[in-house]
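Inspection log for the structure reproduced underneath, given as structure tokens.
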Amino acid sequence: MGNTGTVLRELRGAQKSTKGVSLYSRYVNRPAGRFLAAGAYRVGVTPNHVTLISALFTYGALAAVALVEPSWTLALAVYAALALGFAFDSADGQLARLTGRGGPDGEWLDHVVDCGKLLLVHTAVLISFFRFGELPSQGWLLLPLGFQLAAAVTFCAGLLREQLGKAAATAQAATAPAGPTAPAGPAAPVSRVRAIALLPADYGVFCLVFLLLGAPGAFRAGYAVLAVVHTLFLAAFLTKWFRELRALRPG
């Protein structure tokens, strides 16, 4: 592969489907990840190394939230590090598809980093509330715990839906009688309305709330609104995924 422009063109052809992806991930995070993946390819960095770079930026930002008194300077630094970590999180998969060096180890590492991120981000907020926040009441300390629960269940349930759906589809294909294969129809167009509706649930949009760290009251309000929105999305996702899996029952 030649120069960076050639690598970027190859990466554009190695993208995952945009189905179920918000506008932020489609038009901001994935393109940013594409440039990072091209740079990583040019210097010989592996996909697993890119995943670890993502973890370094993300976990470093979360440590700062927990340990440093909130300020506008901290807000800008934390948001920049979280956004960059999220872009590297997109870059590792793109680089793996470009180089053909992806595998179960890389996917496992990526999910481990993501799981840790979702748990630590709310733990960091909880610690910040406890150490630095002049809270209207101690009940605010429960908010990060509830948000953490919603985030963790959404993440685990989504992974299980994907894996169990694949396993059920494979089992059905293995037991289906042989016969002519119907030609595949045209791919359904990606819904822009759905992409907009998914914005509040996008991690990249969630990171924006950390720009309010310099104003603790505004940060608490924004964080609380996102917690409610994510809980509502969790209820909708669980209902949808349960129905989809039930429809895959044999017989």
Quiz item: Does the stretch 21-33 contain at least one residue that is free of Cβ contacts under 8 Å to residues at least 40 places away in the same chain, out of contact with any strand residue (DSSP E or B) (no Cβ under 7 Å at 6 or more places or on another chain) and either within 20 Å of Pro200 (Cα to Cα) or in a helix (DSSP H, G or I) (or both)?
Solution: yes
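For the stretch 179-251, which helices (runs of 4 or more DSSP H) that fit wholly inside it have 3 or more residues that are at pLDDT 90 or above? Even if it seems obvious, please write down each step before you answer.
Working: elements: 192-197, 203-207, 216-246.
Result: 203-207, 216-246.
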Quiz item: Taking the condition among the basic types (Lys, Arg) and open to solvent by 80 Å² or more (accessible area, probe 1.4 Å), does Arg161 pass?
Solution: no
Quiz item: Do we have any residue at all in the stretch 112-134 that's open to solvent by less than 60 Å² (accessible area, probe 1.4 Å) and more than 24 Å from Phe219 (Cα to Cα)?
Solution: yes
Quiz item: Applying the selection to the stretch 229-251, what residues are over 23 Å from the mean Cα position of the chain (by Cα) and open to solvent by less than 60 Å² (accessible area, probe 1.4 Å)?
Solution: Leu248
Practice problem: Check off (1) of a type in the set (Gly, Ala, Ser); (2) modelled with pLDDT under 95; (3) touching a helix residue (DSSP H, G or I) at 6+ places or on another chain (Cβ under 7 Å) for Gly20 and give me the number that stays unchecked. | Solution: (3)
Practice problem: Return a yes/no flag: does the stretch 44-64 have any residue that is within 19 Å of Gly217 (Cα to Cα) and either open to solvent by 30 Å² or more (accessible area, probe 1.4 Å) or within 15 Å of the chain's Cα centre (by Cα) (or both). | Solution: no
Practice problem: Scan the stretch 73-98 residue by residue and report those that are among the polar types (S, T, N, Q) and open to solvent by 50 Å² or more (accessible area, probe 1.4 Å). | Solution: Thr73
Exercise. Quick one: which residue in Glu69, Glu134 is modelled with pLDDT of 95 or more and not hydrophobic (A, V, I, L, M, F, W, C)?
Key: Glu69
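The values are calculated or read from the model by the stated rules, or taken from the named source; none is laboratory data. Keep in mind the model is a prediction, meaning the values are calculated, not measured. Here Cβ is always computed from backbone atoms with ideal geometry, including for glycine, and neighbour counts include all displayed protein chains. In case anyone asks, the SASA skips ligands and DNA or RNA and just uses the protein heavy atoms, side chains included. Shrake-Rupley method; radii C 1.70, N 1.55, O 1.52, S 1.80 Å.
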